[in-house]
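Just so it is clear, none of the values below were taken in a lab; they were calculated from the coordinates. Note that this is a predicted model, so its numbers are computed, not measured. Quick reminder, even Gly has a Cβ in these numbers, built from the backbone with ideal geometry, and neighbours come from all protein chains shown.
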Amino acid sequence: MRTTTRRLALAGVGAALLLPAGIGSALAADGDTNANLAPVALNGVPASGTAMASVRGTTLTVTMAANGLLADAPHAAHIHFGAEARNECPAASDDASGDGTLNTSEGVPAYGGIVVSLTKTGDTSPASGLAVDRYDTAPGGAIAYQRGSIEVAPEVAQAIVDGKSVVVIHGVDHDGNGTYSGSTPSDLDPSLPTEATDPALCGVLAAAPSGSVAAGAGGTAVGAGAQDGLMLLGGGLLAAGVGAAGLVARRARASA
Amino acid sequence: MSDRPQHDGRRRLTPVAAVVAAAATALTGAAVLAVGLRGPDDGPPAAPERTAVVAAPDPSAAPPSPAAPAAPDPGPAPPVAAGAPAADLGPVLPASDPVALSIPSIGVASDVLEPLALDAAGVLPAPTDYALPGWYTGGPRPGQFGPAVVAGHVDGPDGPAVFYRLGELAVGANVEVTRADGTVATFVVDAVERYAKAEFPTSRVYGNTTDRAELRLITCGGAFDRTTGHYVDNIVAYAHLV
């Protein structure tokens, strides 16, 4: 009796553990996405880049290259998504404080919260969003980042495949003094200057094109003219024959 | 008087004869139509016999780079160790729109590229102008990390179009893209492959399978299907930034 109860309990735990995986594979789709990373409005970094996320089930591989960032300074980078967000990069109109720059919080209505922390090592959950010592430091202003085996929730994988997630690389040297400085504290961590966390580059991870391209009109296909003529002739004769048959049938009915 | 009105003595077919005649006409029409449909459609511009086209039904059989074999489509993502150090993504240029395309070995020289955006179904359209290549604005700019995509027609209604000779492109050939910032991104061709559109390897063409700045040149090929008005194959050239 006792043994049976324990077995039942174990079975229940097993089912509970298996269930999320089952739901995950049912919901998540495979897909390839690309983001063109452009300077965030108002913050004006002279940088650019691209990021690609390959989704296989609930596993991501993220690869990104960027240049023109503040060199040798940590650049936190995340994938953002919010069910209530606009799923796009922020615009100048998102400057709620009116101070002429956009901080990370002001971008949330556009790109939502953090769903993946693109750290170089260790945890990749939102909890590592500000783990400054584990992000790329952009030697020479360039980031060359790749990380695979990133596990995400099924709804996050789906949002990425659906083109609703946004890559943001943070860190803006507003005053151009070559380091994160200034008296304005970060909206995310008051012990850091806002320069360390303000969004620098942003791009929506958009789904890659699906399938083939129709890139020919057949003007050089062999025998085009003759074939077209035969098509018309054949179609015409076919129509004539069918038409005559219809007429015969009508007459047959009329005389019956 | 006859019980049936006769019209000016014209000879009438009996119903049976009329049915036979109608059927014969229809059959003849169908037969001629079949000839028209079948047609000698296997000799379009960039057919396999134009040498350099490598038919590769199994994408993994002809990887664009020996160093980075492509994953089969839609295969697993490339294996990357968790917590890998800074990746080697090769040469990468900043973002800048392409303004000219030159492929000397197949006579392509265009000073204009049409911007191409996906349609509502997520499909990449071909350029509206048969004489111009088009570039996919949702992808990397040529020279940036990832596969930049340039598509062009193989022919128009009246003759060859900009990528008529794409199937002749040889491995090792140069492709030059001039960009708005004045830089010229030079790519070297790794492979030229042909796929049935129904088996188009979306992930291999548009996904990141090589971890470097690449270029995809896409046009049509294979037989021309007159019922759809489209070629049945796509030809894709793969090249990497040098």
Report summary line: Filtering the stretch A:48-70 down to residues that are farther than 21 Å from B:Ser96 by Cα and assigned to a loop (DSSP other than H, G, I, E, B) yields A:Gly57, A:Thr58
Report task. With the checklist (1) surrounded by fewer than 24 Cβ atoms within 10 Å (Cβ to Cβ); (2) in contact with a strand residue (DSSP E or B) (Cβ under 6 Å, 6 or more places away or on another chain); (3) among the polar types (S, T, N, Q) in hand, flag the one item B:Gln144 doesn't pass. Result -> (1)
Query - Within the stretch B:86-128, tally of residues that are crowded, with 16+ Cβ neighbours inside 10 Å and part of a loop (DSSP other than H, G, I, E, B) - result: 14
**Report entry** Test: residue in the stretch A:39-47 that is surrounded by fewer than 23 Cβ atoms within 10 Å (Cβ to Cβ), out of contact with any Phe, Trp or Tyr (no Cβ under 7 Å at 6 or more places or on another chain), outside any loop (DSSP other than H, G, I, E, B) and within 9 Å of chain B (Cβ to nearest Cβ)
**Finding:** no
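Let's see how each residue does on (1) under 27 Å from B:Arg212 (Cα atoms); (2) surrounded by fewer than 20 Cβ atoms within 10 Å (Cβ to Cβ):
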{"residue": "A:Pro90", "(1), (2)": "no, no"}
{"residue": "A:Asp99", "(1), (2)": "no, yes"}
{"residue": "A:Leu102", "(1), (2)": "no, no"}
{"residue": "A:Tyr111", "(1), (2)": "no, no"}
{"residue": "A:Thr119", "(1), (2)": "yes, no"}
{"residue": "A:Arg134", "(1), (2)": "yes, yes"}
{"residue": "A:Ala138", "(1), (2)": "yes, no"}
{"residue": "A:Val166", "(1), (2)": "yes, no"}
{"residue": "A:Val172", "(1), (2)": "yes, no"}
Query raised in the report: Restricting attention to the stretch B:109-127, and to residues there that are within 15 Å of the chain's Cα centre (by Cα) and not aliphatic (A, V, I, L, M), which single residue is farthest from A:Pro209 (Cα to Cα)?
Result: B:Pro127
